Amino acid sequence: MKRSLLINAALLAAVVLLGLVAWFKPSSGTPSFALASLKATDVKSLEVVIGGSTPLLFARGERGWEMAQPFAGRGDPVQIQKLLELLDAKSSVRLPAEGLARYGLSEPIARVKIADRVFSFGAVNEMSREIYVLAADGIYLLPLHYAAALPKRPLDLVSKQLFAADEAPVAFDFGSFKVEQTDGKWALQMTSTSVPAATAEADDIQRWVDDWRLAGAIGVRPPGKTKPVGALQIKLKNGETVVIKILERGDNTVIARSDEPIEYILSGDAARRLLAPPGNLAAAAPAPAPATAPAK
């Protein structure tokens, strides 16, 4: 019995000793320095400057991110979110904000201002393959993917979706055919003999409408002086009517909204689905004539 008590006491002492060693032993973990304490959900403004180019200005409102400069347009939420990840960035290195030229920060390659927090991007550390970033009270080293999120041109931050999330089409007028929603039901009406007659089930029409509502471009480009080869009108639930101009047909199709200074490049497959009547998707319909949808 006495021996059992001694063994238990020895085990207890060992446990206490190990606990004290763990408590007083210096941490061997890598230090972590946060660059900001602001939450992305609280951010309402964003500014991006690449080199000495014109600042790109964005504001977040009820419809999401909108570009205000150098032109008006809908912001790409995915690309903008990549920039906002700077707010959650942590670095194992924090240096005094001194000798900026040594780190390529006297003339930063880019500057991102999120609300009132400014992040300046400098040179790449060739040893660690990280980039120097000046933020708040210090210089930090961050992984290169933060720099990869920087846009090469303004259009990189513009949404490639043809319609905003709150824009719901309720009627399509191609001139040669119409697709309209009445009492919650979609119907196809052929209005010209220049297009092969099409019959479509309700599911076919709904899929076609969904393709339009969720249509995304494979690329966007600045507006040019291309004369439209066709046009169509799309009425939205909010009462507005958008004219879609068809600028080019080929392997890819280029279209433009009448109310946006952007041209959308659609893949050939996407264009064939969108420009043909529901139920007649094997071959795209001829481009609607511009006269059927006068510009606004």
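Since every read-out is calculated from the coordinates, none of them should be taken as a lab result. Quick caveat, the model's predicted, so the values are computed rather than measured. Counting neighbours? That spans all protein chains shown, and the Cβs are built from the backbone with ideal geometry, glycine included.
Worth a mention:
- Between Val170 and Leu38, the modelled label-to-label distance comes to 3.9 nm, taking each label 7 Å out from Cα in the direction of the beta carbon.
- Cα-based equivalent ellipsoid of segment 50-202: semi-axis lengths in Å, sorted from largest, via gyration tensor: 49, 14, 14
- The aspartates and glutamates whose alpha-carbon is closer than 19 Å to the alpha-carbon of Lys82, local same-chain residues fewer than 8 away aside, are Asp42, Glu47, Glu66, Asp116, Glu130, Asp156.
- Where labels lie 7 Å past Cα in the beta-carbon direction, separation of Ala72 and Asp137 in nm: 4.3
- The Rg/Rh ratio for segment 86-132, using Cα coordinates for both the radius of gyration and the Kirkwood hydrodynamic radius, is 0.95.
- Cross-link pairs Lys152/Lys178; Lys160/Lys225; Lys90/Lys152 - those with Cα-Cα distance over 31 Å: Lys152/Lys178
- Local charge for Pro108 was computed over the other residues whose Cβ lies under 14 Å away, with Lys and Arg +1 and Asp and Glu -1, and equals +1.
- Spatially proximal aspartates and glutamates relative to Lys245 (Cα-Cα < 14 Å; intrachain offsets below 8 disregarded): Asp173, Asp259, Glu260, Glu263
- Backbone geometry of segment 40-47 corresponds, through the Karplus equation with coefficients 6.51, -1.76 and 1.60 at θ = phi - 60°, to 3J(HN,Hα) couplings of 4, 5, 8, 7, 10, 9, 8, 9 Hz, x marking Gly and Pro.
- Note on Lys237: aspartates and glutamates with a C-alpha under 14 Å away, same-chain residues under 8 apart excluded, are Asp166, Glu167, Glu180, Asp183.
- Segment 156-178 versus segment 68-135: alpha-carbon centroid distance in Å: 35
- Once both labels are positioned 7 Å from their Cα atoms along Cα-to-Cβ, the gap between Ala115 and Gln189 label points is 5.2 nm.
- For Ser176, no residue 5 or more places off, or on another chain, has a built amide H under 5 Å of its own.
- Taking amide H positions as modeled 1.01 Å from N, with prolines and chain starts lacking one, the residues under 5 Å from Glu130 and 5 or more places away or on another chain are Asn125.
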